[in-house]
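Engineer: So that we are looking at the same thing, I have put the structure below in structure tokens.
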Amino acid sequence: MSKDKFVVGVDYGSDSVRSVIINALNGEEIASSVYYYPRWQKGLYCDPANNQFRQHPLDYIEGLEITIKDCIKIAGGETVARNIKGLSVDTTGSTPVAVDKAGQPLALTAAFSENPNAMFVLWKDHTSINEAAEINAHAPKFGINYLKYVGGIYSSEWFWAKLLHVLRVDESVRKATHSWVEHCDWIPFLLTGGKKAEDIKRGRCSAGHKALWAEEFGGLPPNEFFATLDPLLDGFTSKLFTETYTADHAAGTLSPEWAERLGLSTDVVVGAGAFDAHMGAVGGQIEPYHLSKVMGTSTCDILVAPANEIGDKLVRGICGQVNGSVIPGMVGLEAGQSAFGDTYAWYKNIISWPLNNVLSQSAIIDAQTAEALKLEMAELIIPELARQASLLPIDNDNELAIDWFNGRRTPDADQTLKGAITGLGLGSDAPRVFRALAEATCFGAKSIVERFVSEGIPVKGLIGIGGVAKKSPFVMQMMSDILGMPIRIHQFKHTCALGAAMFAAVVAGIYPTVEEAMAAMGRGFDVEYYPNPLYKEVYQKRYKQYNSLGEFVAFQIAQQTKS
């Protein structure tokens, strides 16, 4: 055991945080633990009707400590703990927060402990749609295209739009805000005992994909760009950063406080942070020109290409291309869908409404039985829908849906867009509607692949990781059929956490490069889906119908907005 070297990967998702202890010599999982955010589960600080989704930093802090300590206990305690060499973190993004001069989120202070605007603004929060539109209208006024590396369109899901919105709507938060920090950058700062906001090491991943940082600009766009957008942003870049760090760089070592809290040594090296999908792509053993699809509540699609091959090529309408955001020395290109698993979850909630709202009124069964029945049905609904949907014939007259239930991320971000279902009739039952929704999410995936290809970036294969990839053979086979491409499913269950662990092994000096860590710690693939040629023609026609319906929906929403 003393010859083993262990690393910790921490993966912050939308609903929970998961930590894993990995043997860095072979990638074996020694222990894992998950913590569901209690405040988030209660719906606190969120207003879905107004697209407001906020998370309290205490959910993050409590989950960090509980899961790592739990992992150490499961793995064998002190014997394992003393051989842990590194720790790295990935998070959702863009999920930023207002901090004071000490780099502390305002929600951790008494005055702001219950103020949603002082909390982390989750990636799927779309309260800043107007601010994003203003940024897009403002950018063409400058000789330099400051949106060129984020696909030419700025999204309400990103750093500057969220910052401007919070500053505008909450004067008290505005006055107390010293800086604005991504979740993936704040956790390493917390673990290393940082005391000043200026000392936060900003990750290349978050800065380049969401905050308009670029090597060509020498950092962020100039103050003039932001000051003329809104005087509230005048001077704000001076409170932020110029330098960024790829995730193979260390943020520091565990502070004495956190070493004691976790039962680890202060020699444990903490890596610079990055977004979940980017580290997940590494955990999923991404290859150049293969699209890594992290499929959870949303999808985040990552492709890497050697910098010398991609040259000056820019891809329109994606979520950015940044040198070193995934693997140092390669350009990381990001795309994605704003709702994927969330689409299925929405439908599940719709058809579960009687269970959740009427069953408790039953005079036939007691409250305890009713609650047990709700929990049992919740686990069975989606698998049974998928089973029955798989038996349905595929034809052009089937129900058809658009997957923009949380707006459209890629191609061409537009968070004002809405989902739609058409072709409904009296014979449209739950499995048929579910099939239409599944098709829509797969058609959305196809539109991303087509955008890369049309812009001169080949897609040679697909790698599926995340909850949907592992749990839904029905959706994965459909996606392979619709895209006409094989999909390999990575065998490791917690792929984003594994990717974080790979970076931890690099920052701890166990491996000199990310590629070597991937080769030694990668766990391979356990399932591969191949397209059925019998469905090629019908899905091509269905995809044309999907695009036509999408154009109609977008036009109608634009007309409503004008009126």
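Engineer: Taking H placed 1.01 Å from N in the peptide plane, check which residues at least 5 places from ALA31 or on another chain put their amide H under 5 Å from its amide H.
Structural biologist: Those qualifying (amide H under 5 Å, at least 5 residues apart or on another chain) are ILE21.
Engineer: Could you check the spin-label model distance between GLU243 and ALA378? Points 7 Å from the Cα along Cα→Cβ, value in nm.
Structural biologist: It works out to 4.7 nm between the two label points.
Engineer: I've got another one for you. Taking a probe of 1.4 angstrom, what is the accessible area of GLU384 in Å², to the nearest 10?
Structural biologist: Surface accessible to solvent at GLU384 totals approximately 70 Å².
Engineer: Let me make sure I get this right: for the range 152-253, a, b and c are the square roots of the gyration tensor eigenvalues over alpha carbons, sorted descending. Under 1.5 in a/c it's rounded, otherwise prolate if a/b > b/c, else oblate. Which is it?
Structural biologist: It is oblate, given that a/c is not under 1.5 and a/b is not larger than b/c.
Engineer: While we're looking at this one, here's another question. Under 8 Å for C-alpha pairs, at least 6 residues apart: give me the relative contact order for the chain, rounded to a whole percent.
Structural biologist: 16
Engineer: Using only Cα atoms, locate the centre of the range 355-371 and the centre of the range 102-152, then give the distance between them in Å, rounded to an integer.
Structural biologist: Comparing the Cα centres of the range 355-371 and the range 102-152, I get a distance of 43 Å.
Engineer: Could I ask something else about it? What residues from the range 445-460 fall in the zone where the backbone N is under 19 Å from a label point 7 Å along the Cα-to-C-beta line of PHE555?
Structural biologist: None, by backbone N distance to the label point.
Engineer: On to the next question. Quick one: check the C-alpha center-to-center distance for the range 495-542 versus the range 440-489, whole angstrom.
Structural biologist: If we compute the Cα centre of each part, the gap is 13 Å.
Engineer: Might you work out the accessible area of LYS544 for me, using a 1.4 Å probe with all protein chains in place, and round it to the nearest 10 Å²?
Structural biologist: 150
Engineer: Sort PHE226, PHE112 by heavy-atom solvent-accessible area, probe 1.4 angstrom, most to least.
Structural biologist: PHE112, PHE226
Engineer: Rounded to the nearest 10 Å², what accessible area does TRP353 show when all protein chains are kept and the probe is 1.4 Å?
Structural biologist: Per-residue accessible area (TRP353): approximately 140 Å².
Engineer: Moving to a separate point now. Between LEU25 and ILE350, what length comes free when the chain is fully extended (0.36 nm per residue of separation minus the Cα-Cα distance, one decimal in nm)?
Structural biologist: 112.3 nm
Engineer: When only DSSP loop residues count, what GluC sites (Glu not before Pro) in the range 240-330 have their Cβ near at most 13 other Cβ atoms within 10 Å?
Structural biologist: Filter output for the range 240-330: GLU243.
Engineer: Using only alpha carbon pairs under 8 Å that are at least six residues apart, calculate the relative contact order of the range 1-134 and give it in whole percent. Display every interim value, and only then the final one.
Structural biologist: On the way: 235 pairs, mean separation 37.9, N = 134.
With pairs under 8 Å counted, the relative contact order is 28 percent.
Engineer: With the Cα gyration tensor of the range 470-563 giving a ≥ b ≥ c as the square roots of its eigenvalues, does the rule (a/c under 1.5 for rounded; else a/b larger than b/c for prolate; else oblate) give rounded, prolate or oblate?
Structural biologist: Since a/c reaches 1.5 but b/c is at least a/b, the shape of the range 470-563 is classed as oblate.
Engineer: Sticking with this structure for a sec: Can you tell which of PHE225, PHE443, ASN323 lies farthest toward the positive end of the dipole of the chain, using +1 and -1 charges on the Cβ of basic and acidic side chains (Lys, Arg; Asp, Glu)?
Structural biologist: PHE443
Engineer: Same structure again: For the range 315-409, which trypsin sites (Lys or Arg not before Pro) are both in a DSSP coil and crowded by at most 13 other Cβ atoms within 10 Å?
Structural biologist: Passing sites in the range 315-409 are ARG316.
Engineer: Placing +1 at every Lys and Arg Cβ and -1 at every Asp and Glu Cβ, with all other atoms neutral, what dipole size does the chain have around its Cα centre, in debye to the nearest 20? Don't skip to the answer; put the middle values down first.
Structural biologist: Values: 50 positive and 63 negative charges, 50 e Å.
Dipole about the Cα centre, nearest 20: 240 debye.
Engineer: Would you kindly work out the equivalent ellipsoid of the chain from its C-alpha gyration tensor and give its semi-axes, the square roots of five times the eigenvalues, largest first in whole Å?
Structural biologist: For the chain, the ellipsoid semi-axes come out as 34, 29, 26 Å.
Engineer: Given a Förster radius of 56 Å and the C-beta distance between GLU134 and LYS544 as r, what FRET efficiency does 1/(1 + (r/R0)^6) yield to the nearest 0.05?
Structural biologist: So, using R0 = 56 Å, E works out to roughly 0.95.
Engineer: What number comes out for the charge environment of ASP429, summing +1 per Lys or Arg and -1 per Asp or Glu over other residues with Cβ under 13 Å away?
Structural biologist: Result for the neighbourhood of ASP429: 0.
Engineer: Same structure again: Roughly how many Å² is the accessible area per residue of the range 450-563, as a whole number, for a 1.4 Å probe?
Structural biologist: Working: 5320 Å² over 114 residues.
Computed with neighbouring chains in place, this is 47 Å² per residue.
Engineer: With a 1.4 Å probe and all protein chains in place, put SER94, SER113, SER390 in order of accessible area, largest first.
Structural biologist: Largest accessible area first, the list is SER390, SER113, SER94.
Engineer: For the range 522-563, rounded, prolate or oblate, judged on the Cα gyration tensor with a ≥ b ≥ c (square roots of eigenvalues), a/c < 1.5 rounded, else prolate if a/b > b/c?
Structural biologist: Details: a/c = 9.00, a/b = 1.97, b/c = 4.56.
It comes out oblate by the Cα gyration axes.
Engineer: At 7 Å along the Cα-to-beta-carbon direction for both GLU257 and ALA49, put a label point, then send me their distance in nm to one decimal.
Structural biologist: So the two model labels end up 4.0 nm from each other.
Engineer: With the crude spin-label approximation of a point 7 Å out along Cα→Cβ, what separation in nm comes out for THR79 versus ALA520?
Structural biologist: 2.3
Engineer: Still on this model: Of all the accessible heavy-atom surface of the chain, with the other protein chains kept in place and a 1.4 Å probe, what percent is carbon and sulfur?
Structural biologist: Summing carbon and sulfur atoms, their accessible area is 52 percent of the total for the chain.
Engineer: In addition: Under a 5 Å amide H to amide H cut-off, with H placed in plane at 1.01 Å, what residues pair with TYR511 once short-range neighbours are removed?
Structural biologist: VAL506
The values are calculated or read from the model by the stated rules, or taken from the named source; none is laboratory data. Quantities reported herein were computed from a predicted structural model and do not represent experimental measurements. When we count neighbours, we look across all protein chains shown, and the Cβ atoms used for this are built from the backbone with ideal geometry, even at glycine. Surface areas here come from the heavy atoms of the whole protein model, side chains and all, with no ligands, DNA or RNA. Shrake-Rupley method; radii C 1.70, N 1.55, O 1.52, S 1.80 Å.
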